[in-house]
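Structure first, then comments.
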C-alpha cells in the first residue's frame, strides 16, 4: 500500500457482530484496511503514509446498501414511452404525472389516438396497474377507443400487455393460437391479454423498434445509478439478464458499469427461459456459456447464478394461489417452464454447483418451489446451496419452516405491505393473504436468512432500503395507520441486516460486501441519522447523503 485514507465518523455500524461499532475506517486501494478508532489502527498508521479525511465526521456510516433484485436497464426500456401509471414516474426527461383510475387511463389513451398523425403507427404506453387503477383493461375497452389505430399497453409490472384488435392482428395471434399466456374471455374469444414473458415477447415483436430504441439501456443505467446513490445503494443484482438480449445487455453493462466514476456494482443473473431459447434444453451448452461469461467478470460487474420465473406478478394479480384462490375467480398463471419439468430443468445447474433463484409470488408456487428443492436435494445432496425463493409474497407459516428445514433462503419484497396490502384485501387476494404478505418474523423464527428487495423499477414502489426496513419493522399500510399482521414485524437490527450483510449472503457475495471488515470492498452508505437510535417509525426519514464505492465518494450535493 502506498497510502491509507482514514475517515472518522460520528458512528460506524459495521454489521460485524464481533466488532459492531467503530469511529473510524481506513481504506486503501478500494478496500478496507482497518475498522475501529484512530487509536486502534495506529499499527497501520505508523507504517504506511496516511491522510485523515474528516468529511464524514458528523455522519453515520454503514455498509453500502444492497438491493438483490432489480431491473435497472429493463426499466429504462419504458421510460421513453407514454406513461399511464398510478404514481408519479421519474423519467430522465422529468416527472411524469400519474393517472388515478382506469377511466382516466382510457381517456388518456383516447387523447393519444386522436393526436396521432399516422393511423398505422401504434400508440405504445406503459405503467398500467390493475390493482391501483380499478381492474384490468381488455380488447373491447381498447376497441371502444379505436379499431383503426393499434393500441399497446404494458402493465407497470411488465407481466401483461393489453392490446386492441388492430394490435392483436399485428402480433399474428389468432383464435387458433394455443401458446402459453394468450388471454381469452370466458367464451373463448381472444381478450387482448398477453401474460408472462413468452406471451409478452410475442406482443412486443411488432413494436420492438419503438420499445428497444437505440441507446436506451446505457441511458437507463446512468439514470438509475443516480437513484441508487440517493438511497445509499452500492450493489444491485439484475434478476433478468437476457430478457431482451444477452449480448446487448452485457455490452451496455460492460461499457457503463466499469466506468471509473460509475457508482454501483452490478450482478447479472441470467433468466433460464432465455437461456433455453438460446441453447435449447442442452444443459452443457448453457453451462459453458455461463462459464465463459463469468470469466469476463470484473470487480464491479459480474454474472452468476440462474433465475427461474414460476408464476406471475403480485401487483398484476397473476400469481398462483392455493384454496380459496382469488376473490373474483382469477386463476393466475405459471411461468414458461412447466412445473412438471421444473426439477429436470434445474438439475443441471444444481449439479454444477450454481445457485438457483426461483421466483414464487403465490403460496401455490411456493409449495411447488419447496417440492422442487426437496427433490433436488434427494437426487444430488448439496450443502451451502443458497437456493433462494424470490419475492416470497404470499406464504404460510408451514412453508417458512419447511424452507428453513431445506436450507433455503428468501429474497422478499416488503414494499407491498405498505403500498398494496389494503388494495389487494378487496382486489385480488382477500384480507388474510394481503395482511400477511411478506412474512418476515416467520422466516426469522424458522432460521431462514433473508434479504429485502425492491424489484425496481418494475413494480409500484421505490428502491429505498431505509423505506424497506421501515416497512419490515412497522408494517404500516398506506393509510399510515393500519398495522398489517403485527406478529410479522422484525427488529431494526434484523431489517438492517436484510439490506446489508444478509443481502450479500443471498447474493453469495458476503465474503466481499455487506459488512465493514478488513479486506472487504470499501462500499459505504453515508447517512444523516442513526437507524439504531431513532424511533423505528422514523427509519424512512433518515437522510441519505451519498455513498462510497471502492473508496470513491459519490455525494448527493457534490
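The values are calculated or read from the model by the stated rules, or taken from the named source; none is laboratory data. Because the structure is predicted, anything quoted here is derived from the model rather than measured. Here the Cβ positions follow ideal geometry from the backbone for every residue, glycine too, while neighbour counts run over all protein chains shown.
I need a count of the residues in region 397-419 that are in contact (Cβ under 8 Å) with a residue 40 or more places away in the chain and touching a helix residue (DSSP H, G or I) at 6+ places or on another chain (Cβ under 7 Å).
The total comes to 11.
In this structure, is residue 432 assigned to a loop (DSSP other than H, G, I, E, B) and over 22 Å from the mean Cα position of the chain (by Cα)?
Values: assigned to a loop (DSSP other than H, G, I, E, B): no; over 22 Å from the mean Cα position of the chain (by Cα): yes.
Here the answer is no, as residue 432 does not meet what is asked.
Hey, among the residues in region 107-134 that are without any contact (Cβ under 8 Å) to a residue 60 or more places away in the chain, more than 18 Å from residue 78 (Cα to Cα) and touching a helix residue (DSSP H, G or I) at 6+ places or on another chain (Cβ under 7 Å), which one's surrounded by the fewest Cβ atoms within 10 Å (Cβ to Cβ)?
Just the residues of region 107-134 that are without any contact (Cβ under 8 Å) to a residue 60 or more places away in the chain, to begin with: 107-121, 123, 125-128, 133-134.
Those left that are additionally more than 18 Å from residue 78 (Cα to Cα): 107, 110-111, 113-120, 133-134.
From the residues that got through so far, the ones that are touching a helix residue (DSSP H, G or I) at 6+ places or on another chain (Cβ under 7 Å) too are 133-134.
Working: 133: 22, 134: 16.
Checking each candidate, the answer is 134.
Go through (1) surrounded by fewer than 21 Cβ atoms within 10 Å (Cβ to Cβ); (2) outside any loop (DSSP other than H, G, I, E, B); (3) touching a helix residue (DSSP H, G or I) at 6+ places or on another chain (Cβ under 7 Å) and name the single condition residue 161 misses.
(1)
Among all residue pairs at least 6 apart or on different chains, which show Cβ distances below 7 Å where the first residue, located in region 469-488, is on the phi > 0 side of the Ramachandran plot and the second is assigned to a helix (DSSP H, G or I)?
Sorted first by the residue in region 469-488, then by its partner, the pairs are 475/417; 475/486; 475/488; 485/435.
Take the residues in region 449-468 that are buried (at least 24 other Cβ atoms within 10 Å of the Cβ) and within 16 Å of residue 410 (Cβ to Cβ), then tell me which one is nearest to the chain's Cα centre (by Cα).
Looking at the filtered set, the residue picked out is 455.
For residues that are outside any loop (DSSP other than H, G, I, E, B) and either in the same structural domain as residue 503 (by TED's automatic domain parsing) or surrounded by fewer than 17 Cβ atoms within 10 Å (Cβ to Cβ) (or both), tally how many sit in region 36-45. Walk me through how you get there before you give the answer.
At the first step, the residues of region 36-45 found to be outside any loop (DSSP other than H, G, I, E, B) are 36, 42-45.
Now drop any that are not either in the same structural domain as residue 503 (by TED's automatic domain parsing) or surrounded by fewer than 17 Cβ atoms within 10 Å (Cβ to Cβ) (or both), which leaves 42-43.
Counting residues in region 36-45 that are outside any loop (DSSP other than H, G, I, E, B) and either in the same structural domain as residue 503 (by TED's automatic domain parsing) or surrounded by fewer than 17 Cβ atoms within 10 Å (Cβ to Cβ) (or both) gives 2.
Would you confirm, using the coordinates I've provided, whether residue 51 is at pLDDT 95 or above, in contact with a strand residue (DSSP E or B) (Cβ under 8 Å, 6 or more places away or on another chain), surrounded by fewer than 18 Cβ atoms within 10 Å (Cβ to Cβ) and not in a loop (DSSP other than H, G, I, E, B)? Spell out the reasoning first.
On the way: at pLDDT 95 or above: yes; in contact with a strand residue (DSSP E or B) (Cβ under 8 Å, 6 or more places away or on another chain): yes; surrounded by fewer than 18 Cβ atoms within 10 Å (Cβ to Cβ): yes; not in a loop (DSSP other than H, G, I, E, B): yes.
Against the criterion (at pLDDT 95 or above, in contact with a strand residue (DSSP E or B) (Cβ under 8 Å, 6 or more places away or on another chain), surrounded by fewer than 18 Cβ atoms within 10 Å (Cβ to Cβ) and not in a loop (DSSP other than H, G, I, E, B)), residue 51 qualifies.
Please list, ordered by first then second residue, the pairs with beta carbon atoms under 7 Å, 6 or more apart or interchain, first in region 175-196 and more than 15 Å from residue 141 (Cα to Cα), second at pLDDT 95 or above and part of a loop (DSSP other than H, G, I, E, B).
182/173
Scan region 22-35 and give yes if some residue there is surrounded by 14 or more Cβ atoms within 10 Å (Cβ to Cβ), within 18 Å of residue 510 (Cα to Cα) and touching a helix residue (DSSP H, G or I) at 6+ places or on another chain (Cβ under 7 Å), otherwise no. I'd like the intermediate steps shown before the answer.
Quick first cut of region 22-35, residues surrounded by 14 or more Cβ atoms within 10 Å (Cβ to Cβ) only: 22-28, 30-35.
Then keep just the ones that are within 18 Å of residue 510 (Cα to Cα); that gives 30-35.
Filter again for touching a helix residue (DSSP H, G or I) at 6+ places or on another chain (Cβ under 7 Å), leaving 33-34.
Taking every residue of region 22-35 in turn, at least one turns out to be surrounded by 14 or more Cβ atoms within 10 Å (Cβ to Cβ), within 18 Å of residue 510 (Cα to Cα) and touching a helix residue (DSSP H, G or I) at 6+ places or on another chain (Cβ under 7 Å).
Within region 235-249, does at least one residue satisfy the condition of being in the same structural domain as residue 151 (by TED's automatic domain parsing), in a helix (DSSP H, G or I) and touching a residue at least 60 places away in the same chain (Cβ under 8 Å)? Break it down stepwise before answering.
To start, the set of residues in region 235-249 that are in the same structural domain as residue 151 (by TED's automatic domain parsing) comprises none.
Looking for residues that are in the same structural domain as residue 151 (by TED's automatic domain parsing), in a helix (DSSP H, G or I) and touching a residue at least 60 places away in the same chain (Cβ under 8 Å), one finds none in region 235-249, hence no.
Condition check ((1) outside the structural domain of residue 316 (by TED's automatic domain parsing); (2) surrounded by fewer than 18 Cβ atoms within 10 Å (Cβ to Cβ); (3) assigned to a helix (DSSP H, G or I); (4) at pLDDT 95 or above) across all residues:
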residue: 168; (1), (2), (3), (4): yes, no, yes, yes
residue: 173; (1), (2), (3), (4): yes, no, no, yes
residue: 178; (1), (2), (3), (4): yes, yes, no, no
residue: 186; (1), (2), (3), (4): yes, yes, no, no
residue: 193; (1), (2), (3), (4): yes, no, no, yes
residue: 200; (1), (2), (3), (4): yes, no, yes, no
residue: 203; (1), (2), (3), (4): yes, no, yes, yes
residue: 219; (1), (2), (3), (4): no, no, yes, no
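Taking the condition surrounded by fewer than 18 Cβ atoms within 10 Å (Cβ to Cβ) and within 22 Å of residue 22 (Cα to Cα), does residue 493 pass?
Numbers: surrounded by fewer than 18 Cβ atoms within 10 Å (Cβ to Cβ): yes; within 22 Å of residue 22 (Cα to Cα): yes.
So residue 493 fits the description; yes.
Restricting region 76-101 to residues that are modelled with pLDDT of 90 or more and assigned to a strand (DSSP E or B), which is surrounded by the most Cβ atoms within 10 Å (Cβ to Cβ)?
83
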